[in-house]
Every structure is written in structure tokens, then in C-alpha cells.
Amino acid sequence: YEQPLNQGVLGYVYRTGKDVNSGNVKADPRFKGVYVSPWKESGSLPEEGGRSELCLRLATQNAYFILNIEDPKLNAFSDKEFEALEFFRDEAKAILERSWLYHSLIAARQFTSDAIIGTDLKGKITSVNRAAAFLLGYTEAKMQEKLEEDQSTNRKNSMQRHQRVVKTLHQLHMKYNS
């Protein structure tokens, strides 16, 4: 299904930036002369009567989506359903924005000619880009292997520390409770 941006409820939402919850789009004065039936070509539903339509914008800096839900019944969507979908939309928007930012940062880090070295709060190297690996005298693959070995060693050391703490606590418990 395709629809020009100057037609229909979707076009209205795109052009005005306003969400829509219409209990009868065919009788709604905002859509007189612009309503486009999604069922007209398929012939799956008769054209007489009204249609409910709910359209929510989901716009980020990098993309524009419209969540469009239609029902052949009149007044099919309550205000509570509309509010719930607004909440869903806001959460989805935040996820899309974070995802876009994450992937942009990964791409920028990976393909910049500057050396970028990521560290944890203790100053331990946790990631490097291609330029940093070269600066440190490693291929990118060898640097990744070294970082994975270091992380594996850190996990083993952490487990050993944990086991010592548990053993000490057990000994103290036995000493003071016997």
C-alpha cells in the first residue's frame, strides 16, 4: 500500500505533526476530501459506513514513522488506548534515538583516523579502534584477542576474590556461632 503525503490521515499527521484518534474518519471534518480507504483496492471490506483510525507520529532526528491502526468499527479506540499507545510511542522513540546514537558512535570510532582508546574507571583498556591498535603495535584482530584474554583473566580473578570472601565469611560465621 502506498499513499502520497498530501492525502489521507497519514498525510495529515505527517504534514501537521499532530496525532489522530478519529472514531469515524469518513465523517471527520479534518479529512473531508482527503480520506483514502486502505480497503478500496483490495475489496476486502465494503466502502459504506465509517472507519476508526488512530495515527501516532514516531519522529526522531533521523527518521519519521507513523503508527497507523485502523478498524472498520466506529469509535473503536478509547482515549485510554490512545494514551497507552502514546506511552509506547515515546518509549520506542527513545530506543530508536539511543540505537541511532550508539551505531553512529561505533561507526565514528571505528573509521576515524584518530586513535581512540576506551578504558574502564580504573584506567584499564577495554576497547580500541583500528588506529589505536596500530599505534600500540598490534593488528586490530590481535588487539581484540589481547583484550578478550585480559577480560577472561579479570573474570577469573574476580571469581577467585569472591570465593576467598565467601570462605572468610563462612569461617567467621563458624567461629562466632559455634
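The values are calculated or read from the model by the stated rules, or taken from the named source; none is laboratory data. This structure is a prediction, so every number in the text was calculated from the model and none was measured. Don't worry about glycine lacking a Cβ; one is built from the backbone with ideal geometry, like all the others, and counts go over all protein chains shown. SASA here: full protein model, heavy atoms, side chains in, ligands and nucleic acids out. Shrake-Rupley method; radii C 1.70, N 1.55, O 1.52, S 1.80 Å.
Worth pointing out:
- Carbon/sulfur fraction of accessible area - the stretch 72-121, other protein chains in place, 1.4 Å, %: 62 percent
- Projected label points at Arg15 and Leu67, each 7 Å from Cα along the beta carbon direction, are separated by 2.5 nanometres.
- Highest-first arrangement of 163-169, 17-23, 76-82, where packing means the average Cβ count within 10 Å: 17-23, 76-82, 163-169
- Computed FRET value (nearest 0.05) for Thr153 with Met174, which takes r as the C-beta separation and R₀ as 25 Å: 0.20
- Angstrom value of the Kirkwood radius, inverse mean 1/r, which spans all Cα pairs in the chain: 22.1 Å
- Take the chain with all the other protein chains still there, run a 1.4 Å probe, and you get 73 Å² of accessible area per residue.
- Pair Ala115, Lys32: separation of 7 Å Cα→Cβ label points (nm): 7.1 nm
- In this simple spin-label approximation, Tyr102 and Gln163 carry label points 7 Å from Cα along the Cα→Cβ vector, and these lie 3.3 nm apart.
- Dipole in debye (nearest 20) - the stretch 60-152, about Cα centre, beta carbon charges: Lys, Arg +1; Asp, Glu -1: 460 debye
- The count of lysine pairs in the chain that are at least 8 places apart or cross chains, and whose C-alpha atoms lie under 26 Å apart, stands at 23.
- Of the residues Thr16, Val166, Thr139, the one whose Cα sits farthest toward the positive end of the charge dipole of the chain, with +1 on the Cβ of Lys and Arg and -1 on the Cβ of Asp and Glu, is Val166.
- Taken over the stretch 74-128, the ratio of Cα radius of gyration to 2.2 N^0.38 Å equals 1.98.
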